[in-house]
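The next block holds one structure in the form of structure tokens; read it before the comments.
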Amino acid sequence: MPAVATLARNHAEEPIIRVRGLKNAFGDQVVHENLDLDVRRGEILGVVGGSGTGKSVLMRSIIGLQTPVEGEIEVLGENMIGRSEDEAKNIRRRWGILFQNGALFSTLTVAENVEVPIREYFPVIQGDLLDEIASYKISMSGLPAEAGNKYPSELSGGMRKRAGLARALALDPELLFLDEPTAGLDPIGAQGFDELILSLREKLDLTVFLITHDLDTLYAICDRVAVIADKKVVAVDTIDNLLKLDHPWIQEYFNGPRGRAAAAA
Amino acid sequence: MAVTEASPDQNEGNIFRPTGAVTIVRAGSISREIDNLPSPLTIDLGGVERMDTVGAWLIHRAVRDRGARVVGASPQFAGLMEQVAEADHPAPIRPEDQGGVVAELGAWVIDAGRTLWGLLGFFGATLLGFAALIRRPKRFRFNAVIQRFDLVGVRALGIIGLMSFLIGIVIGQQGAVQLQQFGAEVYTINLIGRITVRELGPLMTAIMVAGRSGSAFAAQIGTMKITEEVDAMRTIGVSPIEALVIPRLIASVVMMPLLSFWSMLLSIIGGGLLCWVALDIPPLTYVQRISEVVPATDLWVGLIKAPVFGFIIALVGCFQGMLVSGNAEEVGLRTTAAVVQSIFLVIVLDAVFAVFFQSVGWI
């Protein structure tokens, strides 16, 4: 059930995503080895790492687009590996994904894009009600109503991301995956997107798995940050605690000129 | 499973009392139940345990459209309903109406006119490019042209040869069946020789080259436009016409007659094989007859048409490639357009040539 405003939150302690001993490899090239990660319910977890460390591959493994060589992945308490398509569908309904460039269906308008998952999973919702639901999702994602019948190619990069977010939110997910949501946005657009994610988390009680390069985003909205280096998650903690660690990449990342500038902001 | 109940009440009208989950999963049944209750309506949320934005929207809708009264909402649910109410801005869903058949036809005509005009402009730009190249021949890209020769010509030999061979057999077989009825099966040789040399050789080759190379030109140049390689070229001072278009044009113009000749040859061999097997005409006789019945002008007709077709194919392919702007989808559209337009233009030109050669007496 897409539990959004749950009166009793009894399983707040168990992780919403649990990854154990994950190994991913392409041919001889090993991307992840023995990777562990927990995402807690209700948090915004930022995932950082250098280029090519497999941040996107990790996300793709969790959402089932990439079959790992070995390891366990549990999402929302369900084992994700080796599930049949039907069973996986029931879990997929409970998360939303924003791909890096929006991944909107180019032959459909923005509103029709938002309607696609609803039509797919809840065919009983039709007509006016369906259109109204699409409209308020668009509005909640910070898009003007006029964007509804525009095609993705007619939108700016920032609007395309918001439209992708509206589609990701279509089924009222508990869990939201964002792949570099602020990449390619101007600083004002990026800040607006950060604020949008924070406010949606408050409103909709979301858990957010966020891949980013954007130090400002990390400081502004992430509760915890997971650092991928050396083929595994070397640390998951608040930025303050990460700064105390003696890992060369972490030190360079957060204490470089850009990291310090973001911390000061 | 949650239970809902509706009970008429003297003071408050009808009461809708959903329990359990008011979420997207139950949206269908809840909206039906609300619709079925007559006004005035009171919604009691006291028994609701879970609500998502879709559930909140259903309640909001009842309040907005029917003036329903909501009681028993927890602060959380009230907040959720407030948020969906804030987001209540009806958005247009479907694309704007294009205005029917007439408007579509008009748009199509305008588009076709613009394409033709653009193609003419591109032709001019290419000629200017050639002129500039003649003035400074050192800038001629010899390697690029040779590479295109390989791609357009040499690598097409296999498929064009096979296609022509099979077409020769098919024409021979059809001709033999029909002409046998008059006892004139020996004229199968005339049919094969003349139709392949004069018409089918260049035409089929042109169609194959348009499909193989014209599409590749459009896709390559289109991709380079998207990745801004073409813009980079311009800023460095390299003319895209000179670097991209002219080598492809030359390759196509030079290779088309050679490939057409190859195609004629293979069709004649295919037809000869059929004549030998089906009509008992020995190969030597076949070759002799071919040289007697196919006039030299037929060969000239074929070989004059071929480079013109090649020019058109390369021109349209490069033109469509240069028109690409925006996204990857456009590359596909432009590639398709390149093939369709170049084949169409080739056939139109073929008809023009037919009239022309007839009037000069090369029948």
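The values are calculated or read from the model by the stated rules, or taken from the named source; none is laboratory data. Everything numeric in this text was worked out from a predicted model, so none of it was measured. Ideal geometry is used to build each Cβ from the backbone, glycine not excepted, and the neighbour counts take in all protein chains shown.
A few notes on this one:
- When the stretch A:116-135 is filtered for residues that are facing another protein chain (nearest Cβ under 7 Å) and of a type in the set (V, I, T), the ones remaining, listed by number, are A:V124, A:I125, A:I133.
- Conditions (1) out of contact with any Pro (no Cβ under 8 Å at 6 or more places or on another chain); (2) part of a helix (DSSP H, G or I); (3) farther than 25 Å from A:S106 by Cα; (4) of a type outside the set (A, V, I, L, M); number of the one not met by B:P307: (1)
- For the stretch B:132-152, the count of residues that are touching a Phe, Trp or Tyr at 6+ places or on another chain (Cβ under 7 Å) and surrounded by fewer than 21 Cβ atoms within 10 Å (Cβ to Cβ) is nonzero.
- Residues of the stretch B:49-77 satisfying the condition of being small (G, A, S) and surrounded by 15 or more Cβ atoms within 10 Å (Cβ to Cβ): B:G55, B:A56, B:A62, B:A68, B:A73, B:S74
- For the stretch A:246-262, the set of residues classified as surrounded by 12 or more Cβ atoms within 10 Å (Cβ to Cβ) and under 18 Å from A:K232 (Cα atoms) consists of A:H247, A:W249, A:I250, A:Q251, A:Y253, listed by residue number.
- Cβ pairs under 6 Å, 6+ apart, first in the stretch A:167-195 and within 14 Å of another protein chain (Cβ to nearest Cβ) and among the aliphatic types (A, V, I, L, M), second in a helix (DSSP H, G or I) and surrounded by fewer than 22 Cβ atoms within 10 Å (Cβ to Cβ): A:A170/A:P117; A:L171/A:P117
- Test: residue in the stretch B:175-190 that is more than 23 Å from B:L279 (Cβ to Cβ) and assigned by TED's automatic domain parsing to the domain that holds B:T297: no
- Scan the stretch A:165-223 for residues that are surrounded by 19 or more Cβ atoms within 10 Å (Cβ to Cβ) and of a type in the set (S, T, N, Q) and the total you get is 4.
- Of the listed requirements (1) more than 14 Å from B:P90 (Cα to Cα); (2) at the interface with another protein chain (Cβ under 7 Å from one of its Cβ atoms); (3) under 21 Å from the mean Cα position of the chain (by Cα), A:M140 misses just one: (1).
- Looking across the stretch A:30-70, the residues that are of a type in the set (S, T, Y) and either touching a helix residue (DSSP H, G or I) at 6+ places or on another chain (Cβ under 6 Å) or closer than 24 Å to A:L243 by Cβ (or both) come down to A:S51, A:T53.
- Qualifying residue in the stretch B:268-278 (condition: free of Cβ contacts under 8 Å to residues at least 24 places away in the same chain and either closer than 28 Å to B:G161 by Cβ or of a type in the set (F, W, Y) (or both)): yes
- Residues of the stretch B:315-332 satisfying the condition of being assigned to a loop (DSSP other than H, G, I, E, B) and buried (at least 16 other Cβ atoms within 10 Å of the Cβ): B:V324
- Taking the criterion of being out of contact with any strand residue (DSSP E or B) (no Cβ under 8 Å at 6 or more places or on another chain) and in a helix (DSSP H, G or I), the residues of the stretch A:177-197 that qualify are A:P187, A:I188, A:G189, A:A190, A:Q191, A:G192, A:F193, A:D194, A:E195, A:L196.
- B:G106 satisfies every condition listed in (1) modelled with pLDDT under 90; (2) surrounded by 11 or more Cβ atoms within 10 Å (Cβ to Cβ); (3) within 30 Å of A:L108 (Cβ to Cβ) except (1).
- The stretch A:92-115: number of residues that are surrounded by fewer than 19 Cβ atoms within 10 Å (Cβ to Cβ) and more than 12 Å from chain B (Cβ to nearest Cβ): 3
- Cβ pairs under 8 Å, 6+ apart, first in the stretch B:334-363 and surrounded by fewer than 18 Cβ atoms within 10 Å (Cβ to Cβ), second among the aromatic types (F, W, Y): B:L349/B:F309; B:D350/B:F309; B:W362/B:W300; B:I363/B:F357
- Selection status of A:R162, more than 11 Å from chain B (Cβ to nearest Cβ), in contact with a Ser or Thr (Cβ under 6 Å, 6 or more places away or on another chain) and of a type in the set (K, R): yes
- Criterion violated by A:I63 - all others in (1) hydrophobic (A, V, I, L, M, F, W, C); (2) touching a Phe, Trp or Tyr at 6+ places or on another chain (Cβ under 7 Å); (3) modelled with pLDDT under 90; (4) within 19 Å of B:T23 (Cβ to Cβ) satisfied: (4)
- Only residues that are aliphatic (A, V, I, L, M) and within 21 Å of B:M208 (Cβ to Cβ) were counted in the stretch B:165-197, giving 8.
- Verdict on B:P18 being loosely packed, with under 15 Cβ neighbours inside 10 Å and more than 53 Å from the chain's Cα centre (by Cα): no
- For the stretch B:158-175, the criterion of a residue being more than 14 Å from chain A (Cβ to nearest Cβ), surrounded by 17 or more Cβ atoms within 10 Å (Cβ to Cβ) and under 30 Å from B:I241 (Cβ atoms) is satisfied by at least one position.
- Qualifying residue in the stretch B:303-314 (condition: crowded, with 20+ Cβ neighbours inside 10 Å and farther than 17 Å from B:G201 by Cβ): yes
- Among the residues of the stretch A:74-92, those that are in contact with a helix residue (DSSP H, G or I) (Cβ under 7 Å, 6 or more places away or on another chain) and under 18 Å from A:L178 (Cβ atoms) comprise A:V75, A:L76.
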